[in-house]
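The block underneath contains the structure these notes are about, expressed in structure tokens.
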Amino acid sequence: MSEKSAITSAEVAHLADLARIAMSEEELSSLTGDLNTILANVARVSEVATEDVPATSHPIPLSNVMREDVVGETLTAAEALAGAPAADGDKFVVPQILGED
Amino acid sequence: MKYEDAVAKYDPVIGIEVHVELGTATKMFDAAPNSFGGGANTNVTPVSLGLPGALPSVNRTAVEYAVKIGLALGCEIAESCRFARKNYFYPDVPKNFQTSQYDEPIAFDGSVDVELDDGEIITVPIERAHMEEDAGKNTHVGGSSGRIHGAEYSLVDYNRAGVPLVEIVTRPITGTGAGAPEVASSYVRTLRDIFRALGVSEARMEQGNVRADINVSLRPSPDAPLGTRTETKNVNSFRSIERAVRFEIVRQAELLDAGETVVQETRHFHEDTGETSPGRVKSDADDYRYFPEPDLVPLVPPRDWIEELRSGLPELPAERRRRLLGEWGFSELEMRDIINAGLLDAIEQTVSAGASPAAARKWWTGEISRLAKQDDREPAELATPVQVAELAELIEAGKLNDKLARKVLAGVIAGEGSPRDVMAGRGLEIVEDTGALQEAVEQAIADNPDVVEKIRGGKMQAIGALMGPIMKATRGQADAGKAREMIIERINA
Amino acid sequence: MTDLTRLSAVELAAGMQAGDYSSTDVTRAHLDRIEQVEPAINSFITVTPDAALAAAGEVDRKRAAGEELHPFAGVPVTHKDLVVTAGIATTAGSKMLADWVPPYDATVYRRTKAAGLPLLGKTNLDEFAMGSTTEHSAFGNTANPWDTTKVPGGSSGGAAASVAAYEAPFSVGTDTGGSVRQPAAFTGTVGVKPTYGSVSRYGVIAMASSLDQVGPVARSVGDAAALHSILAGHDPFDSTSLSGDVPDFMAAAREGSLSGVRLGVIKQLVGDAPTGGVAEVFRAALDVAAAGGAEIVEVDCPSLSFALDAYYLIMPSEVSSNLARYDGMRFGLRVEPDEGPVTAETVMAATRAAGFGAEAKRRIILGTYALSAGYYDAYYGSAQKVRTLVQRDFARAFESADVLVSPTAPTTAFGFGAEREADPMTLYLGDIATIPANLAGIPGMSLPAGLSDGMPVGFQLLAPAHEDARLYRIGAGLETALDAERGGALLAQAPEL
Ligand SMILES: [Mg+2]
Ligand SMILES: [Zn+2]
């Protein structure tokens, strides 16, 4: 992996898009440098992570943690909307949506 | 291009993703009520709103329902499975990721038998069934069309956010030929019936409890590789499913004929025109960056629990249909009519209350359905199986004839009591008084010498011509069999 | 009269029970101290004097009425401003949430409230807990009480500074890669990261879900044990929460022993990494431990050289997803773009551009990359395997040692702005000793070992998962031995503010 070619500023721009963060050219280029530095180091993990080593996604293994299907405490609409940047009646107001799905 | 030409020239392949909202008491990952009605943004907790610091916790009943669905679809239930985060930004997705399952669905590798109108059975292969959560609801405001484009802003209600869903994904369904639209809608109808039989969802299409995404692609021949597919999202009625598939087949065939290519995209179906229109083109923006949900731990459904659920599964619609067909001796066509009319339960219960299958079918699909239609109601709202069985019993015992029974039924529907009560109350019982009947028979014979002559001459069908006057004279309460006996006796005397 | 702010939580609890002073006295003393030193330290984002005094008054009333109270009822506390508090601003140190007042309580806040601990306020932190200096806060720097030109560490810098500056007897912090232990080390206090899952994360604003743990900061091992006891316990709202009884940490701390204890010095963390001063102080503390009866052994954990790499893939990956919800739609900051169309997409992008600081953005982008199609297996997937290797190394090491030890951080506290000079990887190296415990889920403690050039050096102890009580027993033994050696608590040597 360490041989992998460096990330370009255009790729970082795509990542910023995926992460929904508007970025200036300047930010993109400084971030591109940082990312390449970091990745050049951390890419080593794939060398030790061999086939036979299982992944640990939870440091303390648990399973089958479930909740009974019983209604609990809820928020009122007023509480739900108290922190909203914009609201109309009992609904949140969001700017027009262009993409779909 | 005509549909017939399109399917003559190309082999359609369909694939269907069905989302069903589970009828649990609470949401998938929090204890907010899973219910509609009430004000907007009231069935919410910090979890359903994705507030900072909120964490999910899995609804045990939702898992149970998912396992039941998996078992009913003949799936394997995973030894161990996990939730994953599907990351994408959209205002009705509170966390900007949907908690779903990705490479570890709870159920996989199943199949479901789907019966078409002509009785043909198609086996639809199921790839997987997985658990996930629903999104909130946007209302678009300010646009002229009310559709997303042109809207100036949207109002969001998160009551639906976090409602438990099971998504069932088929493998490509091949070999349907021209039947593709019907296979698609019959498949979704079959699933709907299964959800109801399992009691895991009310499965009301019109309420959006069941939503189908329909993939369609064409290929020049059944042995050619799969063509590029489109995915028509959220088609919400059986008729729409058929129309959407038909439309896509014709549209894609026209493109291919013109030497153009089908674009891999999502499409939207329009009820008004029966057409689909392009949505979003699939691109690398569809990089959902799935990874295992670190706030939830793996599910390892205990094998004994699965076996317990398996043994507790209700009889599924297809099995039940097959069983009743054998027991009742109806024709395939009669059976299909009963199922389509939603009368299977009523008839089965009427039979178990003592009626013959033929009588139960006759009353439910006949007079009761006719009256229900008149009032725009469901047959089951008009009478109970026990009442119908009683009605049949009275006819069997010779106390009512058809005509009287219809009057009794009307009384039952009007709330006058059981058939027996109505019969007594309205004085509708068949006249047993042979004196009155004898008098009516004598009168009829005296008034119709020509008919009597025919009967004497051996034309026994002519007896019918005397029945009218007899019934008239007895206000319909005469026992027709008895009257017939008396006529023959009198004429031959 | 006694300065109540100089007493330990254990002493304050005893004094209130004995009727020597009231919770109102104690709380007011701390609020006065806060008013006095905040201009120099800036530990707090929000101070809550009215709520604190109301809670204190309530405890006093109940005590007077003879009602049964938690033994620590009336001892004031602070929460890191990452802990959600209903009706009290919760900012996560970010512009994004500058004005957010939550409608619900975090479980750990519920627990301190239920125990009757008045809340003095919410402490400063690196934005969304991302940083190790508290300089990445939208609410200004927090100064190190030992030297106000230096950082207090981070991200729980406000929590550690408030305790070191006697603004609070103890404080609730969070630790994702060392964020309790490293600021404790920098400020001469005791910081504990519990076993993953032993303290609820519900209502604690998530940074990296599989690594985050809430833990106490205090001026002594005994006080840390006290707060830990209040925080720990099963919470059905956190699916990763452990069930089972909470061990008696306070009893373990009172027991405090070194004799026969095997301290395993982690070779990989005590090689050339610590600078001269830190290494010397650490070695001297080991000598004190040995004199107190401990056996010093060396342990080998080769995979630790990959731990930092794994951390810097797992953490940003989870960050990129956890921080997606800050989009200006439902709560918090909303910013419209300067130019172009105003749509949900452009408002989200403008909000996130304006609301997040540089470090948050760097980690979000890094995580977005690591999770991208095509890189997942090589990065996130491989990093999760390294976690397994780290756990295996620790398991092996614990066969020959009761606790594993190292300096908590390779340096002492440095000056403001120092990290701007360094490239990000050099900077991240500061977490090398603390990160492995988060990857493996095991508990860790930092306690003051001594001074290097007048600044505190932290001594880290790691125990196997679920053995948090062992940290308190051995940590208290070492604390007693070190205090005896230097003739009192290290913090007593801190300059007056
Ligand atoms: Mg889909
Ligand atoms: Zn889905």
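Using only the heavy atoms of the protein chains and a 1.4 Å probe, how would C:Arg352, B:Arg219 rank by accessible area, largest first?
Details: C:Arg352 0, B:Arg219 20 Å².
The ordering from most to least exposed comes out as B:Arg219, C:Arg352.
Answer rounded, prolate or oblate for the stretch B:315-426, using the Cα gyration tensor with square roots of eigenvalues a ≥ b ≥ c: rounded when a/c is under 1.5, else prolate when a/b is larger than b/c, else oblate. Don't jump to the answer; show the numbers that get you there.
Numbers: a/c = 2.23, a/b = 1.62, b/c = 1.38.
Prolate.
Using +1 on the beta carbon of Lys and Arg, -1 on that of Asp and Glu, and nothing else charged, what's the dipole of the stretch B:315-426 about the Cα centre, debye to 20?
Its charge dipole is roughly 300 debye.
Quick one: Karplus J couplings for the stretch C:378-389, per residue in order, coefficients 6.51, -1.76, 1.60, θ = phi - 60°, nearest Hz, x for Gly and Pro?
With coefficients 6.51, -1.76 and 1.60, one gets 5, 9, 4, x, 5, 4, 5, 6, 4, 4, 4, 5 Hz.
Cα gyration tensor of the stretch B:3-310, axes a ≥ b ≥ c as square roots of the eigenvalues: rounded (a/c below 1.5), prolate (a/b > b/c) or oblate? The partial results should precede the final answer.
Values: a/c = 1.80, a/b = 1.29, b/c = 1.40.
In terms of gyration-tensor shape, oblate.
What's the center-to-center distance, using Cα atoms, between the stretch B:385-404 and the stretch B:291-335 in Å?
Here the answer is 37 Å between Cα centres.
What does the extension gain come out to for B:Ala341 and B:Glu396, with contour length at 0.36 nm per residue minus their alpha carbon separation?
17.2 nm
Springs between alpha-carbon pairs under 10 angstrom, Gaussian network model over chain A: which of A:Val48, A:Val12, A:Val71 fluctuates most?
Fluctuation is largest for A:Val71.
Among C:Ser155, B:Pro419, C:Leu482, whose Cα projects farthest towards the positive end of the dipole of the protein assembly as shown, with charges put on the beta-carbon of Lys, Arg (+1) and Asp, Glu (-1)?
Ranked along the dipole, the leading option is B:Pro419.
With point charges of +1 on the Cβ of Lys and Arg and -1 on the Cβ of Asp and Glu, referenced to the Cα centre of the protein assembly as shown, which listed residue (C:Leu323, B:Pro94, C:Thr142) lies farthest in the positive direction of the dipole?
My answer, from the dipole projection, is B:Pro94.
Sort B:Met460, B:Met28 by heavy-atom solvent-accessible area, probe 1.4 angstrom, most to least.
Highest to lowest solvent-accessible surface, that is B:Met460, B:Met28.
Can you give me the long-range amide H partners of C:Ala165? Hydrogens built in the peptide plane at 1.01 Å from N, cutoff under 5 Å, separation of 5 or more residues or another chain.
Those qualifying (amide H under 5 Å, at least 5 residues apart or on another chain) number zero.
Tally the DSSP beta bridges in the stretch C:52-196 and give the antiparallel ones as a percent, rounded to 5. Present the calculation step by step, with values, prior to reporting the outcome.
Working: 2 of 9 bridges.
In the stretch C:52-196, DSSP labels about 20 percent of beta bridges as antiparallel.
How would B:Met1, C:Met329 rank on accessible area, largest to smallest, probe 1.4 Å?
Correct descending sequence by accessible area is B:Met1, C:Met329.
Tell me, what is the percent relative contact order of the stretch B:3-310, built from C-alpha pairs under 8 Å that lie six or more residues apart?
Across the stretch B:3-310, relative contact order equals 24 percent.
Using Cα pairs under 8 angstrom and six or more residues apart, how large is the relative contact order of chain C, in percent?
Rounded, it is 17 percent for chain C.
Tell me, what is the percent relative contact order of the stretch B:315-426, built from C-alpha pairs under 8 Å that lie six or more residues apart?
The value is 20 percent.
Quick one: pull the percent of accessible area on chain B belonging to carbon and sulfur, 1.4 Å probe, ligands and nucleic acids left out. Spell out each step's value before the answer.
Working: 10100 of 21010 Å².
Percent of accessible area from carbon and sulfur atoms in chain B: 48.
Taking the Cα centre of chain B as origin, work out the dipole magnitude from +1 charges on Lys and Arg Cβ and -1 charges on Asp and Glu Cβ, in debye rounded to 20.
Here the size comes out at about 640 debye.
In chain B, which whole DSSP H runs stretch at least 20 Å along their own axis (Cα) and average -1.0 or higher on the Kyte-Doolittle scale?
Qualifying helices: B:180-198, B:238-257.
Would you mind getting the accessible area per residue of the protein assembly as shown, heavy atoms of the protein chains only, 1.4 Å probe, in Å²?
37
With θ set to phi - 60°, apply the Karplus curve 6.51 cos²θ - 1.76 cosθ + 1.60 along the stretch C:393-400 and write out the HN-Hα couplings as whole Hz, x wherever there is a Gly or Pro.
4, 4, 4, 5, 4, 6, 6, 10
By its C-alpha gyration tensor, with a ≥ b ≥ c as the square roots of the eigenvalues, how is the stretch B:266-358 shaped: rounded for a/c under 1.5, else prolate for a/b larger than b/c, else oblate? Intermediate results must be reported in sequence, preceding the final value.
Values: a/c = 4.36, a/b = 1.48, b/c = 2.94.
Because a/c hits 1.5 or more and a/b fails to exceed b/c, the stretch B:266-358 counts as oblate.
With unit charges on the beta carbon (Lys/Arg positive, Asp/Glu negative), name the residue among C:Leu227, B:Ile306, B:Val216 whose Cα is farthest towards the positive pole of the charge dipole of the protein assembly as shown.
Farthest towards the positive end: B:Ile306.
Computed FRET efficiency, Cβ-Cβ of C:Asp99 and C:Thr2, R0 51 Å: what is it to the nearest 0.05?
0.80
If amide hydrogens are placed 1.01 Å from N in the peptide plane, which non-local residues have theirs closer than 5 Å to the one on C:Gln213?
HN-HN under 5 Å from C:Gln213: C:Asp175, C:Thr176.
Can you give the helix-only mean residue ellipticity at 222 nm for chain B, where every DSSP H stretch with n ≥ 4 adds -39500 (n - 2.57) and the sum goes over all residues, rounded to the nearest 500 deg cm²/dmol?
-12000 deg cm²/dmol
Report, in debye and to the nearest 20, how large the dipole of the stretch B:434-492 comes out about its Cα centre when Lys and Arg carry +1 and Asp and Glu carry -1 on their Cβ. Don't jump to the answer; show the numbers that get you there.
Numbers: 8 positive and 8 negative charges, 35 e Å.
Approximately 160 debye in magnitude.
Hey, how many Å between the Cα centroid of the stretch C:217-286 and the Cα centroid of the stretch C:56-95?
Cα centres, the stretch C:217-286 to the stretch C:56-95: 25 Å.
Given a Förster radius of 51 Å and the C-beta distance between B:Ser221 and B:Glu327 as r, what FRET efficiency does 1/(1 + (r/R0)^6) yield to the nearest 0.05?
0.70
Please give the solvent-accessible surface of B:Ile413 in Å², to the nearest 10, using a probe radius of 1.4 Å with every protein chain present.
60
Can you give the % of DSSP beta bridges in the protein assembly as shown that are antiparallel, to the nearest 5? Working shown, then result.
Numbers: 93 of 114 bridges.
Once the DSSP bridges in the protein assembly as shown are tallied, antiparallel ones form about 80 percent.
Given only helices, namely DSSP H runs of n ≥ 4 each adding -39500 (n - 2.57), what is the per-residue ellipticity at 222 nm of chain C, to the nearest 500 deg cm²/dmol? Mind dumping the intermediate values first?
Working: 17 runs with 199 residues, N = 497.
Calculated mean residue ellipticity at 222 nm is -12500 deg cm²/dmol.
Could you state the number of Å between the C-alpha centres of the stretch A:13-43 and the stretch B:43-64?
Using only Cα atoms, the two centres lie 33 Å from each other.
Under 5 Å between amide H atoms, partner at least 5 residues away or on a different chain: which partners does C:Ser200 have, H built in plane at 1.01 Å?
Under 5 Å from the amide H of C:Ser200: C:Gly233.
Any idea what diffusion coefficient chain C gets from Stokes-Einstein, in µm²/s, Kirkwood Rh on alpha carbon pairs, 37 °C, 0.692 mPa s? Don't jump to the answer; show the numbers that get you there.
On the way: Rh = 22.3 Å.
Translational D for this selection: 147 µm²/s.
The values are calculated or read from the model by the stated rules, or taken from the named source; none is laboratory data. Just so you know, these numbers come straight off a predicted model, no measurement behind them. Note that we place each Cβ from the backbone using ideal geometry, even for glycine, and neighbour counts take in every protein chain shown. In case anyone asks, the SASA skips ligands and DNA or RNA and just uses the protein heavy atoms, side chains included. Shrake-Rupley method; radii C 1.70, N 1.55, O 1.52, S 1.80 Å.
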